[in-house]
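Notes follow the structure.
Please treat every number below as a calculation from the coordinates, not as lab data. Small disclaimer: the values here were computed from a predicted structure and weren't measured. Every residue, glycine among them, receives a Cβ derived from its backbone with ideal geometry; neighbour counts consider all protein chains shown.
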Amino acid sequence: MNKLILLTLFLITVSAAMPADDKLADLFYKRTNCKCETAFSSFDSSSSSGPFRGFVAFGQDESGSTTIFGAFNRGFNPDCFYEFLIENEHGKVLYNVTRGLNVQVKSDGSTEAFTHKFKNINLDCHSNGILLGGSNMRDSVSYCSNKKFVVKTDNQHAAKKICK
Ligand SMILES: *[C@@H]1O[C@H](CO)[C@@H](O)[C@H](O)[C@H]1NC(C)=O
């Protein structure tokens, strides 16, 4: 009889404890799964920047989410609609970040600073990481992915490599 009560108590305790343990394990796994990594796309004076000047930075956290933040200081027309995309080396759209970033264009052609955390975008934690599949630049030590951050309107398509 005593053994039966003990066994029942044991089973209740175990079943009550399991979900919490799973959650804890999950949390621990998520926190330590990815390394923190950063990357950037610089819209400088090169022709591939089009009229846009500014920077876009990428920060991957330990859970594998990536925060994209940045600002532009010129090149935008407040009357135009801009798409913000991440494309692969063949110009195929991998991620459409337009809605997430919700970039606000100001009357002087600059933008407000923007930031958004994308749970579905990672830099190098999973096999589809946007930093993977690139090479070191010929003339420097910096590494660039073959993926690009793109600013697009009907008649403009500026694409800058995502580098670290
Ligand atoms: C990207 O998203 C915006 C806003 O939702 C949409 O207007 C646009 O057509 C999309 N572009 C692509 C290439 O999916």
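Yes/no per residue for (1) surrounded by fewer than 14 Cβ atoms within 10 Å (Cβ to Cβ); (2) under 14 Å from Asn120 (Cβ atoms); (3) within 16 Å of the ligand (Cβ to nearest atom):
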| position | (1), (2), (3) |
| --- | --- |
| Glu37 | no, no, no |
| Ser42 | no, no, no |
| Arg53 | no, no, no |
| Thr67 | no, yes, no |
| Gly70 | no, no, no |
| Asn77 | yes, no, no |
| Phe81 | yes, no, yes |
| Tyr95 | no, yes, yes |
| Asn102 | yes, no, yes |
Q. Only one residue in Cys163, Cys144, Cys125 is free of Cβ contacts under 8 Å to residues at least 24 places away in the same chain and within 15 Å of Ala39 (Cα to Cα), so which one is that?
A. Cys144
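One line per residue, one yes/no per condition, for (1) in contact with a strand residue (DSSP E or B) (Cβ under 7 Å, 6 or more places away or on another chain); (2) closer than 20 Å to Gly70 by Cα; (3) more than 16 Å from the ligand (Cβ to nearest atom):
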residue: Ser110; (1), (2), (3): yes, yes, yes
residue: Lys119; (1), (2), (3): no, yes, yes
residue: Val150; (1), (2), (3): yes, yes, no
residue: Lys161; (1), (2), (3): yes, yes, yes
residue: Lys164; (1), (2), (3): yes, yes, yes
Q. What is the number of the single condition among (1) assigned to a loop (DSSP other than H, G, I, E, B); (2) more than 16 Å from the ligand (Cβ to nearest atom); (3) buried (at least 16 other Cβ atoms within 10 Å of the Cβ) that Cys144 does not meet?
A. (1)
Q) Counting only residues that are in contact with a Lys or Arg (Cβ under 9 Å, 6 or more places away or on another chain) and not charged (D, E, K, R), which one in the stretch 84-93 is nearest to the ligand (Cβ to nearest atom)? A) Leu85
Q: Could you check, for the stretch 133-146, whether at least one of its residues is under 18 Å from Cys163 (Cα atoms) and touching a His at 6+ places or on another chain (Cβ under 7 Å)?
A: no
(Q) Take the residues in the stretch 104-141 that are under 21 Å from Gly54 (Cα atoms) and among the charged types (D, E, K, R); name whichever of them is surrounded by the most Cβ atoms within 10 Å (Cβ to Cβ). (A) Lys117
